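The values are calculated or read from the model by the stated rules, or taken from the named source; none is laboratory data. All values derive from a computational prediction rather than experimental measurement. For neighbour counting, all protein chains shown are included, and Cβ atoms are generated from backbone atoms with ideal geometry for every residue, glycine included. Accessible surface areas use protein heavy atoms only, side chains included; no ligands, DNA or RNA. Shrake-Rupley method; radii C 1.70, N 1.55, O 1.52, S 1.80 Å.
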Amino acid sequence: MGVARRKIKMIVVGTSIGGFQALKKIFSPLPVDFNIPVLVVRHQASDTDDYVIEALNRETQLQFKFAEEGERPDAGTVYLAPPNTHMMVARSGRIHLSYGQQVNHSRPSIDPLFISAAKLYGESLLAVVLTGANRDGVDGLKVVKKSGGTVLVQDPESAEAEILPSAAIAAVEVDYLVWLDQIGSFLWGVNR
């Protein structure tokens with residue numbers, strides 16, 4: 001069953017090197033009335049400040065913000081994991097932040113987000129893997145697939161760093177392999 005037939009209730013995104021530019025590219029075509037919440041883990045320095053949020057808010061119509069403990073994800077908002085903090089989805093559907101040990105040499109790590117979201121949303125989850133220079137997120141994708149979720153991977157040829165998208169392709173049956181500049185249109189199609 002294709003994603004067009006499923007009702008997607010949550011989108012989770014994982015990225016590292018080149019992620020800032022990729023996020024701008026995929027979210028800039030989306031209108032303010034995009035009605036699916038989005039949670040993003042982007043590997044970043046522990047001292048990253050609000051510039052990332054401010055820049056993304058200037059470049060897109062959606063609202064970007066660093067996630068806060070216990071908030072419920074709203075449609076039209078893109079929640080980024082705060083620096084040096086894992087972001088997950090609790091059974092209540094609220095955001096849970098953790099300062100636990102690094103996963104795959106990263107904090108925030110993509111895997112905890114993908115795994116927790118897959119357990120809650122199952123087949124109504126869309127997991128998106130973008131450019132990245134390590135395999136963080138691959139174990140999470142396996143759980144997404146096992147839970148019936150949909151996996152979209154950026155075509156490695158359009159990625160600044162192709163290690164993560166290539167590892168995703170090798171690890172799971174990818175539902176959609178999409179060139180970076182077409183992902184925004186794909187997400188808008190899921191929204192309708």
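Would you confirm, using the coordinates I've provided, whether VAL174 is surrounded by fewer than 24 Cβ atoms within 10 Å (Cβ to Cβ) and under 20 Å from GLN44 (Cα atoms)? In short, no. Taking the conditions exactly as written (open to solvent by 40 Å² or more (accessible area, probe 1.4 Å), in a helix (DSSP H, G or I) and closer than 12 Å to PHE114 by Cβ), does ASP181 satisfy them or not? Taking the combined requirement at face value, the residue does not satisfy it.
If I filter region 92-106 for residues that are in a loop (DSSP other than H, G, I, E, B) and closer than 25 Å to SER28 by Cβ, do I get at least one hit? Scanning region 92-106, I find no residue that is in a loop (DSSP other than H, G, I, E, B) and closer than 25 Å to SER28 by Cβ, so the answer is no.
Please tell me if ASN57 is modelled with pLDDT under 95, farther than 21 Å from TRP179 by Cα and surrounded by fewer than 15 Cβ atoms within 10 Å (Cβ to Cβ). No: the conditions fail for ASN57. Can you tell me which residue is nearest to ASP33 (Cα to Cα) among those in region 69-90 that are surrounded by fewer than 14 Cβ atoms within 10 Å (Cβ to Cβ) and at pLDDT below 95? The qualifying residue nearest to ASP33 (Cα to Cα) is ALA75.
The residue list LEU164, LEU152 contains one member that is in a helix (DSSP H, G or I), open to solvent by less than 60 Å² (accessible area, probe 1.4 Å) and closer than 17 Å to LEU23 by Cα, which is LEU164.
Here GLY140 fulfils each of the conditions (1) crowded, with 22+ Cβ neighbours inside 10 Å; (2) in contact with a strand residue (DSSP E or B) (Cβ under 6 Å, 6 or more places away or on another chain) apart from (2). The number of residues in region 1-15 being of a type in the set (A, V, I, L, M, F, W, C), out of contact with any Gly (no Cβ under 8 Å at 6 or more places or on another chain) and modelled with pLDDT under 95 comes to 2.
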